[in-house]
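Some notes on the structure that comes next.
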């Protein structure tokens, strides 16, 4: 787990999201989650390695609140509250440029893809999207979500292929025999 990469990813996401009117604490949580879990799936490792846990409105990094507090104290960012369509939005604003020296080109490309795909989504929409993640669904409230759950699929939304079913039947018959 890299607190330094975690901090720099927060600064990067906040800086890149300056023009996104929907960017607030909820969306930051989900962007961090999607970046780390998609990296684990596609690159074989998370970007920051932070522990994520199940909250009512979706997954969140356990360390986010204390790390943000430290970042505010050091002047790396500030959090401002504002009214956003009748809801309180807590918006993280970077006060410096991110240091990307510890990131690979693959990691930055993945972060850019996540930002691009979720740019127009509201906090409620990215929360709803995170609720479709099997790892979040399977976890108990406040329980950590294992990175390995990124490989699980919901059979209702992604039914197994006939080949997968056949392979499962073969495995079952070997165990029964």
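The values are calculated or read from the model by the stated rules, or taken from the named source; none is laboratory data. The structure displayed is predicted, hence computed values, not measured ones. Because the Cβ atoms are built from the backbone with ideal geometry, glycine has one as well, and the counts that use them run over all protein chains shown.
Some points to look at:
- Here is the figure for region 97-135: residues that are more than 15 Å from the chain's Cα centre (by Cα), more than 18 Å from residue 21 (Cβ to Cβ) and not in a helix (DSSP H, G or I) total 8.
- For region 1-54, filtering for residues that are touching a residue at least 60 places away in the same chain (Cβ under 8 Å), part of a loop (DSSP other than H, G, I, E, B) and within 23 Å of residue 146 (Cβ to Cβ) leaves 4.
- Residue match in region 10-19 (condition: farther than 26 Å from residue 142 by Cβ, surrounded by fewer than 19 Cβ atoms within 10 Å (Cβ to Cβ) and touching a helix residue (DSSP H, G or I) at 6+ places or on another chain (Cβ under 8 Å)): yes
- Within region 123-133, the residues that satisfy the criterion of being surrounded by fewer than 19 Cβ atoms within 10 Å (Cβ to Cβ) and either under 12 Å from residue 30 (Cα atoms) or touching a helix residue (DSSP H, G or I) at 6+ places or on another chain (Cβ under 6 Å) (or both) are 124, 125, 128, 129, 131.
- Filter result for the condition that a residue is over 18 Å from the mean Cα position of the chain (by Cα) and within 24 Å of residue 120 (Cα to Cα), over 73, 56, 18: 18
- Selection from region 143-153 of residues that are in contact (Cβ under 8 Å) with a residue 12 or more places away in the chain, within 24 Å of residue 7 (Cβ to Cβ) and not in a helix (DSSP H, G or I): 144, 145
- Residue match in region 79-96 (condition: closer than 15 Å to residue 48 by Cβ, at pLDDT 95 or above and outside any strand (DSSP E or B)): no
- Candidates are the residues of region 55-71 that are in contact with a helix residue (DSSP H, G or I) (Cβ under 9 Å, 6 or more places away or on another chain) and part of a helix (DSSP H, G or I); the one that is nearest to residue 113 (Cα to Cα) is 64.
- Cβ-Cβ under 7 Å pairs, at least 6 apart or on other chains, region 93-110 side closer than 21 Å to residue 24 by Cβ, far side loosely packed, with under 13 Cβ neighbours inside 10 Å and at pLDDT 95 or above: 95/75
- Scanning region 134-143 for residues that are touching a strand residue (DSSP E or B) at 6+ places or on another chain (Cβ under 7 Å) and surrounded by 13 or more Cβ atoms within 10 Å (Cβ to Cβ), we see that the one that is farthest from residue 85 (Cα to Cα) is 139.
- Here residue 176 does not qualify as touching a residue at least 60 places away in the same chain (Cβ under 8 Å), over 15 Å from the mean Cα position of the chain (by Cα), farther than 19 Å from residue 6 by Cβ and surrounded by fewer than 13 Cβ atoms within 10 Å (Cβ to Cβ).
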